[in-house]
Structure formats: structure tokens, C-alpha cells
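*Asks:* Shown below is the structure under consideration.
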Amino acid sequence: MSAADGLWLHALMRDPDPALLSGLTGVGGREVRAIPVAGLTAIVCPVDLGEFGEEPLRGNLENIGWVEAVARTHHQVAVELSRFGPVIPARLATIYLSDQSVVGLLTRCRTDLAAALERIGGRIEWGVKAYTASAPRQPRPAPAPGGNGAGTGTGADYLRRKRAALSARSDAAVAAADCAEKLHTKLAAVAQDARRHPPQSRRLNPRAASMVLNGSYLVDRGQGDRFAETVAELADGYGALDVELTGPWLPYSFATVPLPETLPETADG
Amino acid sequence: MTEVPMMPQAQSPAATGQPSDLGDILERVLDRGVVIAGDIRVSLLDIELLTVKLRLVVCSVETAAQMGIDWWRHDPWLTSAGLADRPAGAVAGGNRRELESG
């Protein structure tokens, strides 16, 4: 590691066999390596500070193309690592300047990290999104001719139709939200843990505007098929919803660890 | 423990393909996973300011608006990306931190 290198933190796990990491390429394009401390291992990749240092990073993070490439690699490395045991993925762009810093992290946080590994071990995350069903709308009946002569009713008719359409749409949205609530409750009951997230944006999901549930469910690895079946069965019962299952994912939504003591001492620059 | 998580795939006809897939990945790597302070300052506090744009990408515009965050209405990066239907409002900046509370 040269002076111009930083260390990108990919993930934390129990000590994997170092030989298994051979050939695994991280975000910097170089091989990842392990920094083990008493039973916990940080998986890092050397990165060029010319690209990942504070100033360049600032700019690169504004570039969605750059972020996409980095995000996909970061995710893929964590997926690969999960073949060797439970993995706590680090949030994107956690970068250290020395091995000593990483050792410090593992030393300070070992209790919480070990507990998190225990919690997610043998479990996977499923994503369930539900949208207001895009059922074909009933065509509106032609408006009755107005009593006041041709033309004068047009504006009022238009407003009436508009109001009716809005009201139908809003009824559908209310019904969908209600079903989404029930769906989430039922799924949470069969999962080890569950989280609801804000809906996604339209930029990345064209259907986001009608998203009524964006949930994550922590499920025992062996129960994945069963969970998927449950989702399908429940989805059948809720005509107001279009339901989409994604996964299995690493337990991103459940790898949170309370680590207030690791915040920088000075918050303002 | 030998079962390997697959790359995520949407498992319904409603699958929206690559953009949705990227959205799923981004919302996980940016908003979830363990949060620890790196040595590079941008990696924790600053990054969460700088990536507000990206975080907005994975949080809904409506949610952001409910939180009182509407500076994005003036942001060409976002407004050029299909949000131009938003009314041009006043108010800018100041509330970004609120987005971090979730």
C-alpha cells in the first residue's frame, strides 16, 4: 500500500480463510485483503486516493455513472464474501487511511459487530414491493347533454369527469395502502425481522409513484422458498396490489449496528 | 451455509429491469449496511450531505417534500431528469439533515 492509497471497507465478517479471498477484486480494481483482529475480519481493498480521496470523492459521488459502477462492485464483493460466512456490508464509501485505523475500528466495535453477525447469520433478506394495481379503468359514460343548450355544460362536465376520475384513483390508492399495511404485517409475522422503507423514486423505478410498500424481511436461509410462496399466496389475495419480490439479498437492512462512539470527534469541518 | 445468495432478480412480471435493479442496489448500499466512520471525512458526515441527491433518488420525492426538503426543485441534476413537472417553489437548502434522520 503506497502513501497515495486508502482502504475501501467492503464488509465485516468472522475470519474467512485468506486463501478464499484470492482473486477477489474490490472497488479499486485490486485484490481485496483481510485485516483480522481477534475473530473479526475487515475486508478492504486498496484504492487510489487520487480517485477516492476526499476531494475527488466529493466530485465522483455527484456522478451517477461512477456511483453505479462502484455500487455494483461493492455489492458484488459482499455477495461473493457471503459464500464464506455471514457478512455485514459496509455503507458505500467508508474509507480508511491505514491498517491501524481499521484495527482500531474492529477493536472498539467488536461486541456490537459480533452481535450483528450473530443476528444475521444463516439469514437472508427479501425485498417486497407493492404497487397500487394497474387495473384497466372503466370507461366513463358519455356525459348527458346539458339542459342549458350546446356548449355551456362542457366545462362543468369536464370538471365532473375529472373529479370522478380523481376520486376513483384516490379510492384505489386508499385501498392499496390498506392492503399494503396488512401484507406487511403478515409478512413480518413469518419473518425473523422486518423493516419498511420509503418508496423509491421515479427516476430509478418508473412505477414508484404507485408504490405503497417497500419492505425488507429477514428470513432463515432455508426458508427462502417458503417465504416466496407466502408472498405469492398473499399477493393473490390482494387484488388492489401488484406485488414484486426481489432477492435474496444480503441482510443490508438488518446489519445496522449502534456505533455512536465511532463518530468523528469534530462533526463540522 | 453453502447456499450463495444470487444476484437479485425481480421475480414477477412487474419486473422493471435494470433501472429498478440499480435502484434496489443503490438504496441498499447508500442507505443501509453498517455505518462506521472512515478516516476520510467525506465518508460519513459529508457524504451524507453530498449524496443527498442520490439519497433522494432512492427516497421518494414526495417523502422528501413532506420532510420540507424541496431545494431539489432548483437542481438541474434532478429537474432535468424528469422532475420538471414539479412546480417551481421557493425555499432552498437548510433542511438537508432532516433526510438523514430516517
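What follows is calculated from the coordinates using simple rules that are stated; it is not laboratory data. Keep in mind that what you see is a predicted model, and the values were worked out from it rather than measured. We place every Cβ from the backbone using ideal geometry, glycine too, and count neighbours over all the protein chains shown.
*Asks:* How big is D, in µm² s⁻¹, for region A:157-259 by Stokes-Einstein at 25 °C and 0.890 mPa s if Rh is the Kirkwood radius over C-alpha pairs?
*Replies:* Numbers: Rh = 15.5 Å.
Approximately 158 µm²/s, per Stokes-Einstein.
*Asks:* Once fully extended, how much extra length lies between A:Glu62 and A:Thr25, figured as 0.36 nm per residue of separation less the alpha-carbon to alpha-carbon distance?
*Replies:* The A:Glu62-A:Thr25 span can extend by a further 10.9 nm.
*Asks:* Still on this structure, please answer the following. Across region A:75-85, in residue order, what do the Karplus-derived ³J(HN,Hα) couplings come to in whole Hz, using 6.51 cos²θ - 1.76 cosθ + 1.60 with θ = phi - 60° and x for Gly and Pro?
*Replies:* With the stated coefficients, region A:75-85 comes to 5, 5, 4, 4, 4, 4, 4, 5, 5, 9, x Hz.
*Asks:* Nearest 10 degrees, 0 to 90: what angle lies between the long axis of helix A:99-120 and the longest principal axis of chain A (Cα atoms)?
*Replies:* 50 degrees
*Asks:* To continue, here is another question. Along the Cα→Cβ direction, 7 angstrom out, place labels at A:Asp193 and A:Ala38. What is the inter-label distance in nm?
*Replies:* 2.3 nm
*Asks:* What is the Å³ per residue value for the convex hull set by the Cα atoms of chain A?
*Replies:* 185 Å³
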